[in-house]
1. Work out from phi, with θ = phi - 60° and the Karplus expression 6.51 cos²θ - 1.76 cosθ + 1.60, the ³J(HN,Hα) of each residue of the stretch 46-51, listed in order in whole Hz, and give x for Gly and Pro.
2. Hey, could you get me the Stokes-Einstein D for the stretch 1-73, Kirkwood radius over alpha-carbon pairs, 4 °C and 1.567 mPa s, rounded to whole µm² s⁻¹?
3. What value does the stretch 152-265 have for Rg/Rh, both radii from Cα atoms and Rh as Kirkwood defines it?
4. Do you know the relative contact order of the stretch 1-41, to the nearest whole percent, from alpha carbon pairs under 8 angstrom that are 6+ apart?
5. Hey, which of these cross-link pairs are over 28 Å Cα-Cα: 227/334; 79/135; 88/132?
6. What base-10 log of the normalised intensity I(q)/I(0) is obtained for the chain from the Debye formula, alpha carbons as equal point scatterers, at q = 0.11 Å⁻¹?
7. Using alpha-carbon pairs under 8 Å, 6+ residues apart, how would you state the relative contact order of the chain in percent?
8. Classify the stretch 351-391 from the C-alpha gyration tensor, please: rounded if a/c falls under 1.5, else prolate or oblate depending on whether a/b exceeds b/c.
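Quick note: the coordinates plus some simple rules give every number you see, no bench work behind them. These figures come from a predicted structure and were not determined experimentally. Cβ atoms come from the backbone with ideal geometry, glycine included; neighbour counts cover every protein chain shown.
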Amino acid sequence: MRKALEGVRVLDMTHVQSGPSATQILAWMGADVVKLEAITGDITRKQLRDVPDVDSLYFTMLNSNKRSITLNMKSDKGKELFVDLVKKFDILAENFGPGAVDRMGFPWEKLQEINPKLIYASIKGFGDGPYKFYKAYEVVAQAMGGSMSTTGFEDGPPLATGAQIGDSGTGMHAVAGILAALYQREHTGQGQRVTVAMQHAVLNLCRVKLRDQQRLAHGALNEYPNKEFGDEVPRSANASGGGQPGWAIKCAPGGPNDYIYVIVQPVGWAPITQLIGRPELANDPDWATPEVRLSKLDKMFQLIEDWSADHDKWEVLAKLNEHNIPCGPILSTKEIIEDESLAENEIVVKVDHPERGEFTTVGMPIKLSDSPAEVKRSPLLGEHNQEIYGNELGLSESDMADLKASGVI
Ligand code: COA
């Protein structure tokens with residue numbers, strides 16, 4: 001079966017997480033992704049290693065289905081080879097610190113000259129302006145994109161979320177930009193520049209918090225658990241942030257992840273009162289409507305917790321769903337990795353690796369009926385030098401030996 005992006009070629013100069021998460025999706029969609037690495041390799045090959053001398057899970061979980069070549073972009077011969085490569089690819093992707101590719105001698109104008117059809121995608125920490133030349137990592141983007149100031153408890157410090165919204169979140173935005181540019185190229189025949197800033201991507205995911213910032217001008221945010229409001233959106237703990245109140249309530253036996261997140265829609269109140277053994281509250285004027293419950297959401301969730309604390313989260317999940325009440329048990333990473341339905345959905349998948357053996361990774365979250373993703377292992381460093389430099393660019397064995405000896409590949 002032909003894959004959605006079959007025939008599309010990506011020269012992947014990305015490293016760490018944000019860029020690799022994007023090009024991995026393109027690879028799963030069928031693109032030929034060739035990862036171009038410095039001769040020392042993407043730094044994450046060696047970071048957080050669990051097995052000595054073997055590519056880390058950090059690397060293997062973000063670089064599936066790619067090929068790897070090495071190239072020293074600071075050598076003259078390396079730059080020459082790079083020009084030959086750029087002519088053969090549709091997309092060049094990178095997420096180096098600001099200006100790094102320019103300093104290698106390849107500003108956008110030059111890349112366009114070399115290959116006018118090239119789509120050149122860059123992820124940086126920030127857009128134009130005072131932060132343009134600053135480096136960024138995940139939590140820096142969370143800090144400056146509105147996530148940290150709105151995450152946590154009111155009386156605690158700002159918190160980072162475990163979801164990598166700054167890195168992989170930005171990567172997914174980059175995928176959207178690259179695919180749009182590919183589609184536009186069908187009509188114009190021209191490549192274009194795609195840039196995504198991590199701060200912008202996080203802000204896009206924090207859109208509702210800017211909604212609330214503007215609502216504040218008209219009074220308190222009553223669905224928040226906070227009692228007092230200043231002129232900034234406060235941290236609202238586990239409040240849902242949407243139009244329907246929600247909270248994480250305790251379940252038995254009381255471990256750190258024995259919680260379930262429950263949302264009380266208007267229609268859900270009557271069945272909840274039955275379940276928790278308080279049927280009289282269904283029509284009690286002090287409890288019957290969302291409006292009267294709004295001022296005492298903490299008490300409402302406490303009533304539900306008085307019931308849930310005697311049942312485990314799976315039982316609570318089943319009972320609430322019998323009445324179509326939206327809820328979700330808090331799943332630990334261990335529970336997720338062992339979850340059969342996630343494995344059946346191929347979102348938790350096992351992959352074999354020549355050096356580390358079998359490991360588990362997160363599969364393709366976007367399902368295409370005519371282009372199913374098949375998760376394959378990440379490449380070893382420079383594993384495909386022969387295929388690309390030898391077979392494609394026509395370098396002889398002795399040329400390649402010389403390049404290797406002189407530290408070019
Ligand atoms: N051959 C030779 N040199 C290479 C090379 C190659 N194939 N690939 C990279 N390099 C060099 C670059 O030229 C650059 O050198 P220079 O600064 O002398 O010009 C250097 O390696 C890479 O620099 P940089 O990307 O800044 O690495 P870093 O480890 O100092 O910083 C980040 C890492 C992530 C902070 C930075 O890359 C960054 O801010 N990226 C953009 C935002 C981002 O994606 N962050 C999230 C990462 S998950």
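1. For the stretch 46-51, the Karplus curve yields 9, 8, 6, 5, 9, 10 Hz.
2. Translational D for this selection: 103 µm²/s.
3. Working: Rg = 19.3 Å, Rh = 17.3 Å.
We get a ratio of 1.11 for the stretch 152-265.
4. Here the relative contact order equals 51 percent.
5. Distance filter (> 28 Å) returns 227/334; 88/132.
6. For the requested q values the scattering log ratios are -0.93.
7. 19 percent
8. Working: a/c = 3.74, a/b = 1.43, b/c = 2.62.
Oblate, because a/c is 1.5 or more while a/b does not exceed b/c.
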